[in-house]
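Reviewing the structure listed below.
The values are calculated or read from the model by the stated rules, or taken from the named source; none is laboratory data. Remember, predicted model here, so these are calculated numbers, not experimental data. Here Cβ is always computed from backbone atoms with ideal geometry, including for glycine, and neighbour counts include all displayed protein chains. To get the accessible areas, we keep the full protein, side chains included, count just its heavy atoms, and leave off ligands, DNA and RNA. Shrake-Rupley method; radii C 1.70, N 1.55, O 1.52, S 1.80 Å.
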Amino acid sequence: MSFLFTLLLGTLLLSLPVSQKTPVPFIDHLFIATSAFTVTGLATIDITADYTYFGLTIIMLLIQVGGLGIVTLGMVIFILVGRKVGLKNRFLISEALNQGSIGGILRLVQIVLFISLAFEFAGTLLLAIEWIPVYGFGEGLYRSLFTAVSAFNNAGFALDSDNMISHRINPVINFLVTTLVVLGGLGFTVYIDLFRKKTFTALRVHTKIMLIGTLAVNTAATALVFLLEMNNRKTIGGYHWFDQLQMSYFQAVTTRTAGFNSIDIGAMNTDSLLLIMLLMFIGGGSTSVAGGIKLTTAAMILFGTMTYIKGQQEIQIFGRAIEQKFLLRSFAIVVLSSATIFIITFLLVLAEPDLPFLPLFFETVSAFGTVGLSMGVTAKLTIAGKLLIILMMMIGKIGVLTFVFTFSQPKNQHYRYPKQDILTG
């Protein structure tokens, strides 16, 4: 309910005359508000051309609220006004931050807020050093703040009509934006664990998977994008090898969930687009601002498959045995996510018969992963198509399990049936 209320409030604020440079249809206000609050970045209009600074600030605030999360923000407000946080709300925030107990949970909320604001402030300051000499003090500072908030919260909104293409060979901008994206996509649980533990071996398995997995996936994705696109003169072909490498790195990192693009996505090779869809489907870390099935979920499926192939009875990661319920949860997330993408894509193809299949499929995966990359069909969608993508962005933000449990609460079963084999494979 709070999710829907925030979307409605954001839509109404964007609909105000003070927010618009030119009249914008209500459906586009709703689309942009949803895209900002779900930290996706898809846009049916050019936000810089159609919204005033007031409207852009509303978008930035929606990104910030969406990144922190309704539950976390609610607890922050309780703390600021001095209101007592009851036991029920402490359990709620512990669930949101994936903590096993409620001990010191309010302190953790303060840490989460501090982490977000500290990284965004540092990003704003460093970007301002680069942009104030170019755009002037006021414009340069605002652009730096907007980009830092958008990057850390993995939103993908930029204040240029071509997103980040005009900065594609600027190593400073590329490094700062991608660093903020990675920091935002790791997840607050990782920072809390790093804050508490002093050595790598003492870290939780989740934290180790996120740190090593993020490095491995980003490195592999960078190499693949570079190899697949190095001869494509519509993207990175024809540039110096260093510029090709930094453009490949930027696109590989932001593809995971942020949605910034420094090259024309629609001009990429088909094999590169398939790679990008896989990265968007995986996404970032649990309890982070990122979308997708999450890196740890993909890791659980991978480790579970390897465990079965090896003939082992339990999943072992970094010297720890993982309970079977986490594998079942990961399996459920992957199946439900895949089914949701198939259904929305199927409906989108029916609603948009004049648009090609691949861009529509790409758009759906991008919306599910709250990424924001597009092959250029977002503005061409009909009202029905826009509503479907809005629904997909909402599902991608709250998570498929939460969405399903909203309509069907899980029940504990206190009995067991006799076991029997079934033929598979």
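Couple of notes before you dig in:
- Most fluctuating residue given options A299, A258, A155, as computed from a GNM of the chain linking Cα atoms under 10 Å: A299
- Only Lys, Arg (+1) and Asp, Glu (-1) charged, at Cβ; segment 247-359 dipole about Cα centre in debye: 540 debye
- Under a model in which nothing but the beta-carbon of Lys, Arg (+1) and Asp, Glu (-1) is charged, the chain shows a dipole of about 1800 debye around its Cα centre.
- When shorter helices are ignored and each DSSP H run of at least 4 residues is given -39500 (n - 2.57), the per-residue value for the chain at 222 nm works out to -21000 deg cm²/dmol.
- Considering only V134, V112, V181, the Gaussian network model of the chain with Cα springs below 10 Å gives its largest mean-square fluctuation to V134.
- Three-way shape call for segment 126-232 based on the alpha-carbon gyration tensor, with the a/c threshold at 1.5: oblate
- Shape class for the chain, computed from the alpha carbon gyration tensor (a ≥ b ≥ c): rounded, with a/c under 1.5.
- Computed on protein heavy atoms with a 1.4 Å probe, the accessible areas place Y308, Y135 in the order Y308, Y135, largest first.
- The chain - percent of accessible surface contributed by carbon and sulfur, probe 1.4 Å: 68 percent
- Under a Gaussian network description of the chain, with springs only between Cα atoms under 10 Å, the residue in G283, G238, G156 that fluctuates furthest is G238.
- Magnitude of the charge dipole, segment 179-317, Cβ model with Lys/Arg +1 and Asp/Glu -1, debye to 20: 480 debye
- Local electrostatic count, M280, Cβ distance below 11 Å [Lys/Arg +1, Asp/Glu -1]: 0
- The lysines whose alpha-carbon is closer than 27 Å to the alpha-carbon of K208, local same-chain residues fewer than 8 away aside, are K197, K198, K294, K310, K325, K397.
- Dipole axis of segment 309-425 (+1 Lys, Arg; -1 Asp, Glu on Cβ), positive-most option in F331, I395, V349: F331
- The chymotrypsin sites (Phe, Trp or Tyr not before Pro) found in segment 227-291 include none that occupy coil by DSSP while having at most 14 further C-beta atoms within 10 Å.
- Candidate lysines for bridging to K21, where Cα separation is under 25 Å - those fewer than 8 sequence places away on the same chain excluded: K380, K386
- Charge sum, other residues only, whose C-beta stays under 13 Å from L127's C-beta, Lys/Arg counted +1 and Asp/Glu -1: -2
- Accessible area of the chain divided out per residue, in Å², using a probe of 1.4 angstrom: 49 Å²
- Cα centroids of segment 238-293 and segment 157-178: 13 Å apart.
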